[in-house]
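The values are calculated or read from the model by the stated rules, or taken from the named source; none is laboratory data. The shown structure was predicted, so the numbers you read here are calculated from the model rather than taken from an experiment. No Cβ is skipped: glycine too gets one built from the backbone with ideal geometry, and neighbour counts run over all protein chains shown.
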Amino acid sequence: MSDFKFIFQSLKSRWLNSSLSIFLTAFGVSIALLVSQFSDHIQNRLNQDGKNIDIVVGAKGSPLQLILSSVYHIDLPTGNISYESAEKYIKHPQVKTAIPLALGDNWKGFRIVGTNSDYINHYNAKLSKGKIWDKEFEIVAGSSVPININHEFFGSHGILEGGKTHGNKKYRVTGILEKTGTVLDRLLLTSLNSVLEIHGLDDIDHHHEKHSDEEKNHNDHHYEEHSDKEKNHNDHHHEEHSDKEKNHNEFDHPNITALIITTKSPIANINLPNLINRETQLQAANPSLEITRLTSMLGLGSKSFSILSTILILIAVLTIFSGLASNLENRMGDLVILRAIGYSKSRIFKIISLEGMTIVICGIVLGIFIGILTFNILTQVITPLNISQVYFMYNTNFISIIFFVILAGLVAAIFPAYHASKISVANQLSKNI
């Protein structure tokens with residue numbers, strides 16, 4: 001009988017114990033792989049999407065929500081802020097770059113982001129085809145958006161698919177970006193004024209012109225009035241200007257969702273948020289601080305699952321060890337006969353070791369299959385994972401898990417194999433007489 005046939009018959013004779021060991025190993029491996037894959041994916045995306053972003057300015061609310069919605073585009077915005085209140089921080093001497101974002105619409109679940117070309121340059125993205133927008137309602141699509149050049153579409157209100165369609169203006173795709181591995185891959189980018197106009201707000205340039213003209217007319221008119229009517233005119237003008245300003249703020253004032261800032265120095269990362277948070281309508285959030293909080297919360301869950309997977313693997317290893325060790329007593333006669341017909345100690349050691357490793361390898365293969373299948377199901381079912389284009393990675397953590405399980409299984413198999421190889425043929429035969 002060949003060694004492999006002997007191993008197969010041995011495992012078949014104790015199939016219940018062997019199956020239990022295989023399934024325990026498989027579940028331990030699959031959970032370890034899932035935890036590792038999702039942890040790696042989250043960490044990679046956090047690092048890639050949030051690189052070189054020091055401060056995010058937005059409406060008052062949850063700082064974490066502001067970061068998730070404006071940097072990672074996986075949450076609802078906290079609200080809008082006036083462009084005027086944000087503009088002074090765009091021009092602030094401690095600010096290196098400030099990129100405005102206007103959110104609120106989507107196409108088939110892909111977010112439409114009003115911004116400028118600095119947002120594309122921030123992630124070092126390049127066009128794979130077409131060109132960047134140079135007019136309103138022209139779109140540059142990320143690599144993961146299923147859309148083609150010159151395709152025209154209406155945007156829908158809201159961040160998620162299914163909102164009311166804006167039927168008055170059509171967007172047209174003029175360019176598609178190369179894959180960057182960042183949040184840009186799943187966004188539709190257009191000019192800031194496009195998003196403002198479709199929501200009935202002044203565009204930035206028009207607002208500046210109007211504001212300048214109003215100030216000029218006000219000053220000219222003020223100095224042309226006679227001194228005896230100055231007081232009455234000022235009162236009337238102030239009342240009229242207040243009414244115009246109120247209506248302007250309610251209907252025409254340009255608003256943005258957030259301002260992404262890169263500062264010139266680490267000191268500015270501390271000073272600017274304190275300054276901005278004193279404003280009544282603005283808040284400043286530090287992405288690194290908020291993401292540290294998020295990963296600490298997620299870390300508790302991932303550690304729990306890591307501990308669970310380790311426990312399952314250790315139980316599987318102990319089951320393999322106990323199965324091989326307890327079965328030795330029943331197999332002593334067979335092993336003595338094998339020794340008597342010429343099997344060496346090393347060959348007996350190899351056979352018993354291979355039995356344990358066969359269980360481990362079967363468990364690993366089944367665990368990888370279960371892990372990949374579960375991973376793909378979860379990425380399809382969970383919307384944020386589906387949108388962020390998660391994929392299974394065969395990285396160093398994957399190799400480390402497999403190596404650890406093989407090593408643990410080998411250790412579990414060596415001790416029974418060593419004991420079996422030391423069987424004394426004479427003593428065992430004398431016991432059987």
>> Looking only at segment 33-45, filter to residues that are closer than 19 Å to Pro287 by Cα and surrounded by 19 or more Cβ atoms within 10 Å (Cβ to Cβ); which one of those is modelled with the highest pLDDT?
In response: His41
>> Residues that are of a type in the set (Gly, Ala, Ser), at pLDDT 90 or above and farther than 20 Å from Ser194 by Cα, at least 1 per element: which strands (runs of 3 or more DSSP E) completely within segment 55-131 meet that?
In response: 55-59, 127-130
> Out of the residues in segment 328-356 that are of a type outside the set (Val, Ile, Thr) and part of a loop (DSSP other than H, G, I, E, B), which is modelled with the lowest pLDDT?
Replying inline: Gly342
> What tally of residues in segment 149-161 results from selecting those that are surrounded by 11 or more Cβ atoms within 10 Å (Cβ to Cβ) and outside any strand (DSSP E or B)?
Replying inline: 8
> Looking at segment 266-285, which of the residues that are surrounded by 14 or more Cβ atoms within 10 Å (Cβ to Cβ) and among the polar types (S, T, N, Q) is farthest from Ser62 (Cα to Cα)?
Replying inline: Asn269
> Does Thr263 qualify as being touching a Pro at 6+ places or on another chain (Cβ under 6 Å), at pLDDT 75 or above and either surrounded by 14 or more Cβ atoms within 10 Å (Cβ to Cβ) or outside the structural domain of Pro77 (by TED's automatic domain parsing) (or both)?
Replying inline: no
> Among the residues of segment 74-116, how many are under 24 Å from the mean Cα position of the chain (by Cα) and either farther than 20 Å from Thr263 by Cβ or outside the structural domain of Ser144 (by TED's automatic domain parsing) (or both)?
Replying inline: 19
>> Quick check on Leu11: is it closer than 30 Å to Glu279 by Cα and hydrophobic (A, V, I, L, M, F, W, C)?
In response: no
>> Looking at Ser18, Ser62, Ser69, can you tell me which residue is of a type in the set (Ser, Thr, Tyr), more than 29 Å from Leu282 (Cα to Cα) and touching a residue at least 12 places away in the same chain (Cβ under 8 Å)?
In response: Ser18
> Going through segment 72-112 one residue at a time, which ones are of a type in the set (Val, Ile, Thr) and touching a helix residue (DSSP H, G or I) at 6+ places or on another chain (Cβ under 8 Å)?
Replying inline: Ile74, Thr78, Val95, Thr97, Ile99, Ile112
> Regarding Leu24, is this residue hydrophobic (A, V, I, L, M, F, W, C) and surrounded by 22 or more Cβ atoms within 10 Å (Cβ to Cβ)?
Replying inline: yes
>> Every residue in segment 117-153 that is more than 21 Å from Gly181 (Cβ to Cβ) and either touching a helix residue (DSSP H, G or I) at 6+ places or on another chain (Cβ under 6 Å) or acidic (Asp, Glu) (or both), please.
In response: Asp134, Glu136, Phe137, Glu138, Glu152
